[in-house]
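See below for the structure under consideration.
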Amino acid sequence: MAGKVLLWAENGYPGTVSRSIDDIIESIASGESSDAIAFGAPVALVQSNGKATVKNVTADNSSAIIGIAVRTIKTEETYGGGDPVYKAKEMVDVLKRGSIAVEVSNGSPVAGGTVHIVKATGAIRTSADSSNTVEMTGWKFKGPKDANGVAEIVLTERKY
């Protein structure tokens, strides 16, 4: 019987909630035309047809970032053999306060370090890049990233 090996990830996998003592997680629908939202990706709240929905971060909505997409358990049928993501019209679990593992695209996080998000892509990094990033006040790194580029961040204040 064939088996699969789970790899060890020191800080977890992107979107994995950690230290869940005072988490606030809310389910919000993704838009009808929304691109796939990866687990551990920042999400922005947008108005669509009179409804509040979440989408990937872009330059147009970077001021409306409200949290991080939480990893959820899905079946192979749901994944369709592809990446584990939320698809258009799905309910997205969004961490608004608490601790979560995220992929860091640039820099070396330190405990208490500031979290910056690239406006055009939603990538998480440790430093500002002139007008291309948004500093997330109330979001801090918990420590360094692991060999897989994953670090833990703490969201101490709700954005919405």
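Could you tell me the calculated FRET efficiency between LYS87 and VAL46, based on Cβ-Cβ distance and R0 = 25 angstrom, to the nearest 0.05? Walk me through the numbers before you get to the answer.
Values: r = 17 Å, r/R0 = 0.66.
The pair LYS87/VAL46 has a calculated efficiency of 0.90.
For TYR86, TYR160, TYR13, what's the fewest-to-most ordering of other Cβ within 10 Å of each Cβ? Write out the running numbers ahead of the final one.
Details: TYR86 28, TYR160 13, TYR13 17.
Fewest-to-most ranking of TYR86, TYR160, TYR13: TYR160, TYR13, TYR86.
Quick one: putting +1 on the C-beta of Lys and Arg, -1 on the C-beta of Asp and Glu, what dipole do you get for the range 17-155 around its Cα centre, in Debye to the nearest 20?
Working: 14 positive and 16 negative charges, 56 e Å.
That gives a dipole near 260 debye.
Compute the Cα gyration tensor for the chain, then decide on rounded, prolate or oblate, letting a ≥ b ≥ c be the square roots of its eigenvalues: rounded whenever a/c is under 1.5, prolate when a/b is larger than b/c in the other cases, and oblate in all that remain. Each step should come with its number before you reach the end.
On the way: a/c = 1.57, a/b = 1.03, b/c = 1.53.
The shape class here is oblate.
Rounded to the nearest 500 deg cm²/dmol, what is the calculated helix-only ellipticity per residue at 222 nm for the chain, with -39500 (n - 2.57) per DSSP H run of length n ≥ 4?
Helices in the chain give a 222 nm mean residue ellipticity of -500 deg cm²/dmol.
Enumerate the residues in the range 104-127 having an amide nitrogen under 18 Å from the point lying 7 Å beyond the Cα of ALA59 toward its Cβ.
Under 18 Å, as judged by backbone N against the label point of ALA59, lie 117-124 of the range 104-127.
In terms of Cα to Cα distance under 19 Å, which aspartates and glutamates are near enough to LYS89, apart from those fewer than 8 places away along the same chain?
Within the straight-line cut-off, LYS89 pairs with GLU26, GLU32, ASP35, GLU76, GLU77.
Could you tell me how far the Cα centroid of the range 87-160 sits from the Cα centroid of the range 12-46, in Å?
Between the Cα centre of the range 12-46 and that of the range 87-160, the gap is 12 Å.
Counting alpha carbon pairs within less than 8 Å and at least 6 residues apart, what relative contact order, in whole percent, applies to the chain? Please report the intermediate quantities before stating the final value.
On the way: 405 pairs, mean separation 42.1, N = 160.
Once divided by the residue count of the chain, the mean separation gives 26 percent.
Among GLU135, GLU90, which comes first, second and so on when ranked by fewest other beta-carbon atoms within 10 Å?
GLU135, GLU90
Rank by packing, highest mean first: peptides 15-25, 32-42, with packing defined as the count of other Cβ atoms within 10 Å averaged across residues. Let's see the in-between values first.
Working: 15-25: 14.3, 32-42: 19.3.
Per-residue mean Cβ counts within 10 Å order the peptides as 32-42, 15-25.
Here, each number is a calculation from the coordinates, and none is a lab measurement. Predicted, not measured: the structure shown is a model, and the values here were computed from it. Note that each Cβ is placed from the backbone with ideal geometry, even for glycine, and that neighbours are counted across all protein chains shown.
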